[in-house]
1. Residues LEU146, LEU124: which one is within 19 Å of the chain's Cα centre (by Cα) and either closer than 30 Å to THR56 by Cα or at pLDDT below 85 (or both)?
2. Given the criterion on the phi < 0 side of the Ramachandran plot and at pLDDT 80 or above, identify the matching residue among LYS130, LYS98.
3. Any idea which of (1) farther than 30 Å from LYS131 by Cα; (2) at pLDDT 80 or above; (3) surrounded by fewer than 13 Cβ atoms within 10 Å (Cβ to Cβ) is the one ARG115 doesn't satisfy?
4. Show the residue pairs meeting these rules: Cβ distance below 9 Å; 6+ apart or different chains; first residue within the stretch 45-62 and within 15 Å of GLU108 (Cα to Cα); second residue open to solvent by 80 Å² or more (accessible area, probe 1.4 Å) and of a type in the set (S, T, N, Q).
5. Looking for whichever is at pLDDT 70 or above and either touching a helix residue (DSSP H, G or I) at 6+ places or on another chain (Cβ under 6 Å) or surrounded by 11 or more Cβ atoms within 10 Å (Cβ to Cβ) (or both) here; the options are GLU108, GLU37. Which one fits?
Amino acid sequence: MALTPEDVVNQKFTITKFRDGYDLDQVDDFLDTIVEEFRQHEAEKAELQAKIDELTAQLEEARANASQAPAAPVAAAPQPAAPAATESSASLEADAVKSSAMLQMALELHDKYVREGEETRDQLVGDAQKKSTQLVTDAERTAKKLTDDAQTKREAEMRVHTDEVKSIKGRIVDLRQFEAEYRTTLRSYIQSQLRGLDTTNEPEGIPEGVE
């Protein structure tokens, strides 16, 4: 199916669900279609050029035949032969005019096809470049967004980790302080108990119940 400039301009691509941007397979297929259009256009140009060359050769041959046609003798030739020579020359001239007209028409048609082909090519190339630029821009924007999101997530995780480290360090300091205070309190208690034992008099006699 031949593409028109409107088809190229209105070409739509499917937005992917799992990543931003267009479906790369559809973009590749569209570019392949453009390449195939170029190839068909070049083939048509070659075919038209071959027809022009053929018509040109026919025109040259007709002109050569017209220039090489023998002129009828004025005195010796019979009088009735003059109309036949005139008719043959007129026929050759008519063929030459017809061939020239056909050649002119073919040239005009060729110029028209070339002009339209070049305009279509330029438009297709321009639209393809715009599509390519848009795809690259979308890809770069998506990559930047993903990078920024990853950086933001990493910074958030680092802040959480830092807060957890600070909290753990604070708990360690508190535990060490508690341990030091507990040791001090325990030491004071034991020392006071020892001092109490040192100042207590020994009971006289044998305690009751001891034989």
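1. On the way: LEU146 fails: either closer than 30 Å to THR56 by Cα or at pLDDT below 85 (or both).
Exactly one of LEU146, LEU124 is within 19 Å of the chain's Cα centre (by Cα) and either closer than 30 Å to THR56 by Cα or at pLDDT below 85 (or both), namely LEU124.
2. On the way: LYS98 fails: at pLDDT 80 or above.
Criteria check complete, one pass: LYS130.
3. Unmet condition: (1).
4. Listed by first residue and then by second, the contacts come to nothing, as the list is empty.
5. Details: GLU108 fails: either touching a helix residue (DSSP H, G or I) at 6+ places or on another chain (Cβ under 6 Å) or surrounded by 11 or more Cβ atoms within 10 Å (Cβ to Cβ) (or both).
The unique qualifying residue is GLU37.
The values are calculated or read from the model by the stated rules, or taken from the named source; none is laboratory data. Predicted model only: the values in this text are computed from it and were never measured. Using ideal geometry, Cβ is built from the backbone for each residue, glycine included, and neighbour counts are taken over all protein chains shown. Only protein heavy atoms, including side chains, enter the accessible area calculation; ligands, DNA and RNA are left aside. Shrake-Rupley method; radii C 1.70, N 1.55, O 1.52, S 1.80 Å.
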